[in-house]
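These notes concern the structure reproduced below.
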Amino acid sequence: MIRSAKDLIRSARIQSGMTQSEMAYGICSPQMLSRIECGTANASPDTFEALMYRAGFPHTRFPFFQNRSDFECYRALKYARLHLDAWQLAPAFQELQTLKTFHWADNRFYYQEWILLYCRLQFYSYCCNHELLYTALLAALKLTRSSFTADNPTNDLLTRNELELLIALAQEALYLGDTETCTRLICHIDNSLDNGVFSSLEKTRLRAEAAIVRVKHLLSLSDCQNAFRLAEKHRHQMVVDMESAPLFELTFLAGLSAFRSGFRKKADSLIKAAYYTAQHAESCYASACLDYLQKETAFPITEQMLALPRIPLRKYPEEPFDLSLSFLNPAAVPAKVYDYTIGDIIRDFRMEQGVSQQTLCHGLCSKSKLSKIEGRTLQPDIALAEALLQRLGISERIFSFWGNKREVQFYELKFETMHVRSAKQQELIQKNIERMERLAMEKDVLWKQECLVAKAMLTPSPESLPLLDEALRLTLPDFDIHQILNYRLSWQELSILNNMAYLYGTSDELCKGILYFLQLLEYQKKTPLDIQMRANIFPATAYMYCDSLYRAKLFHEICSLQASLDRFVMRYNLTADMLFLFYYCQALGECHENDSCALHAVFACNTAHINEHYQPESSLKKYLKEDFHLELFY
């Protein structure tokens, strides 16, 4: 059962020793907070998050939205972030334009985040006016911190958006030559992160973003060795956390610092890893790197680097950020009712996609239960809400949920089991799975499915197939791979099918594995899936399928994959893309396409290097030399 936010907010405020006025300042009116605490008004997701961060208690819950437009704006911001993290600027721009279409749902928090992301888009394009960006970022911060000045930063706890604005402000101050303000803001950011309450992943990401600015500052002071150490520290952490956005910049900056410190071999590998990976992702960051190297350094640029097609640096229009909009003044905005729920989202998207209730809830819950969820007379548990959304092609990762104690425990264990496993970790993972099984009650079918999959993938092999099949049958008891388009599948169900296809390929049922992959790719083409769902599943499908074809020595089929796969989505998962390229370039060699083989091998090696997968990099170079007499020079 998902509880009301009122008790959580009130408890957090009391524990922090804040009055309603102190907690509400810059977020909502004290009267609105009073109504939220009394249960006569709902808090929107952004208001809820801002209030909880203000009190130092970041919690999550089922989100409520004012209406469909409010939800669409919320979703567009999440997608814009995802695109920017992958350095895909054109789709990010389109999502940010969506918010304008919906007039930001008359929500000043959305407007604040929109300014932040639009400024980030312009900065990433490397065609920006730094003075205009600084002015816009400062104005955005003042929407919730009206008394803020760069000379006297606030000592209050900051939300994530506010911290990101401060980091961006520090960077723009540096580009404008105001190193004193830059240093002051970065020190304030470090202090806020030390004292703020964020998840470990949030903290490491924010620290990495702040480190990028600090490294640039150190380079401006010619303190190159300290710049290198700082960049390398945070670069490695971003590899561990699989955060690609700061990784590009930190890798290039680490290489630049190494070059200026005289570590030429290290510099060469890091700079080229950043350049070639960005080039393969068709990110304009590759062009920005090359421009900087040519104009500001004596770095030895190779003929191949110059021969690759240049990714255009596109200038995005400057936006007139209008701070006179009526909804930006909290005192002038009437109280809003937030009653567009998860049930409403499920109902609306199901009907728009023409999916029957029976198809959507098949194996998850009864049709009667789904009717009650859609009718808002029943709140689903978190696992069921996630699965229903995923079957509609909406990733649950765009939402924040607040669960009860048992749910929190289960999801923490689930998160741990999804991380990379070493031999030393297997015993701990096994114990975590056993704890997950104890938490799962008879009715928790989706949790049982999670446990079975975790068991199967602890030591994946063809012997794991019966466990994966058992897990799939918990929610799809009559599943037929030939009828895949008649189903709607959750992320977990798609992941199970991916792994089954791969394991069939490693056994004596290779043809069955290839059939599964072809059906999965057909599902991707025919089913509406958001970018997060596509990025979470289909890069893995692509590299696993490529692996299976390589085992079968179907090299010509691999060479034709580029035309049939969704290459765009591969840019959102650098590890999966690296593994795909590993087999793809060798298949090109087998088909005597040596030039293309060498080029894609360069991309594979550098994508591996930026992700610290050094063994595949050295192995690939060895194979190409032995099998095709190809030596890579880049």
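Within the stretch 457-471, the only residue that satisfies the criterion of being free of Cβ contacts under 8 Å to residues at least 12 places away in the same chain and among the charged types (D, E, K, R) is 463.
Taken together, the residues in the stretch 234-264 that are outside any loop (DSSP other than H, G, I, E, B), farther than 21 Å from residue 279 by Cβ and over 21 Å from the mean Cα position of the chain (by Cα) amount to 4.
State whether one or more residues within the stretch 67-86 are touching a strand residue (DSSP E or B) at 6+ places or on another chain (Cβ under 6 Å) and either farther than 24 Å from residue 193 by Cα or surrounded by fewer than 19 Cβ atoms within 10 Å (Cβ to Cβ) (or both). Scanning the stretch 67-86 turns up at least one residue that is touching a strand residue (DSSP E or B) at 6+ places or on another chain (Cβ under 6 Å) and either farther than 24 Å from residue 193 by Cα or surrounded by fewer than 19 Cβ atoms within 10 Å (Cβ to Cβ) (or both). Residues that are assigned to a loop (DSSP other than H, G, I, E, B) and not charged (D, E, K, R) were ranked within the stretch 500-528; the one that is nearest to the chain's Cα centre (by Cα) is 528. Looking at 157, 193, 169, 163, just one residue is more than 24 Å from the chain's Cα centre (by Cα), among the hydrophobic types (A, V, I, L, M, F, W, C) and not assigned by TED's automatic domain parsing to the domain that holds residue 259, and that residue is 157.
Checking each residue in the stretch 309-339 for being more than 27 Å from residue 398 (Cα to Cα) and in a helix (DSSP H, G or I) picks out 326, 331, 332. Checking every residue in the stretch 263-285 against the condition of being closer than 25 Å to residue 83 by Cβ, aromatic (Phe, Trp, Tyr), touching a residue at least 12 places away in the same chain (Cβ under 8 Å) and surrounded by fewer than 21 Cβ atoms within 10 Å (Cβ to Cβ) gives zero matches. Of the residues making up the stretch 90-111, at least one is touching a His at 6+ places or on another chain (Cβ under 9 Å) and among the small types (Gly, Ala, Ser). What helices (runs of 4 or more DSSP H) completely inside the stretch 529-621 contain at least 2 residues that are β-branched (Val, Ile, Thr)? Where helices (runs of 4 or more DSSP H) fall fully within the stretch 529-621 and carry at least 2 residues being β-branched (Val, Ile, Thr), they are 531-551, 594-610. Checking each residue in the stretch 62-90 for being closer than 12 Å to residue 571 by Cβ and either hydroxyl-bearing (Ser, Thr, Tyr) or in a loop (DSSP other than H, G, I, E, B) (or both) picks out 86, 87, 88. Checking each residue in the stretch 600-634 for being touching a residue at least 40 places away in the same chain (Cβ under 8 Å), under 19 Å from residue 543 (Cα atoms) and either out of contact with any helix residue (DSSP H, G or I) (no Cβ under 8 Å at 6 or more places or on another chain) or of a type in the set (A, V, I, L, M) (or both) picks out 602, 610. Within the stretch 73-85, is even one residue closer than 30 Å to residue 242 by Cα, at pLDDT below 90 and touching a Ser or Thr at 6+ places or on another chain (Cβ under 9 Å)? No, the stretch 73-85 has no match at all. Listed conditions (1) within 30 Å of residue 130 (Cβ to Cβ); (2) in contact with a strand residue (DSSP E or B) (Cβ under 8 Å, 6 or more places away or on another chain); (3) of a type in the set (Phe, Trp, Tyr) are all met by residue 321, apart from (2).
Filtered by the rule that a residue be of a type in the set (Gly, Ala, Ser) and touching a residue at least 40 places away in the same chain (Cβ under 8 Å), the stretch 557-586 gives a lone residue, 564. For the stretch 136-189, taking the residues that are acidic (Asp, Glu) and touching a residue at least 12 places away in the same chain (Cβ under 8 Å), the one that is surrounded by the fewest Cβ atoms within 10 Å (Cβ to Cβ) is identified as 151. Only one entry in 529, 494, 574 is among the hydrophobic types (A, V, I, L, M, F, W, C) and farther than 25 Å from residue 87 by Cα, namely 494. If you filter the stretch 474-511 down to residues that are loosely packed, with under 15 Cβ neighbours inside 10 Å and of a type in the set (D, E, K, R), you find that the one that is modelled with the lowest pLDDT is 508.
Within the stretch 213-233, if we keep just the residues that are surrounded by 19 or more Cβ atoms within 10 Å (Cβ to Cβ) and under 22 Å from the mean Cα position of the chain (by Cα), the residue that is farthest from residue 188 (Cα to Cα) turns out to be 232.
Might you check whether a residue that is hydrophobic (A, V, I, L, M, F, W, C), at pLDDT below 95, within 24 Å of the chain's Cα centre (by Cα) and surrounded by 21 or more Cβ atoms within 10 Å (Cβ to Cβ) occurs anywhere in the stretch 404-412? Yes; the residues of the stretch 404-412 include at least one that is hydrophobic (A, V, I, L, M, F, W, C), at pLDDT below 95, within 24 Å of the chain's Cα centre (by Cα) and surrounded by 21 or more Cβ atoms within 10 Å (Cβ to Cβ). For the stretch 340-375, taking the residues that are β-branched (Val, Ile, Thr) and in a helix (DSSP H, G or I), the one that is surrounded by the fewest Cβ atoms within 10 Å (Cβ to Cβ) is identified as 359. With respect to residue 290, is the statement that it is within 32 Å of the chain's Cα centre (by Cα) and free of Cβ contacts under 8 Å to residues at least 60 places away in the same chain true? In short, yes.
The values are calculated or read from the model by the stated rules, or taken from the named source; none is laboratory data. Just so it is clear, the model here is predicted, and its values are computed rather than measured. Glycine also receives a Cβ, built like all others from the backbone with ideal geometry; neighbour counts cover every protein chain displayed.
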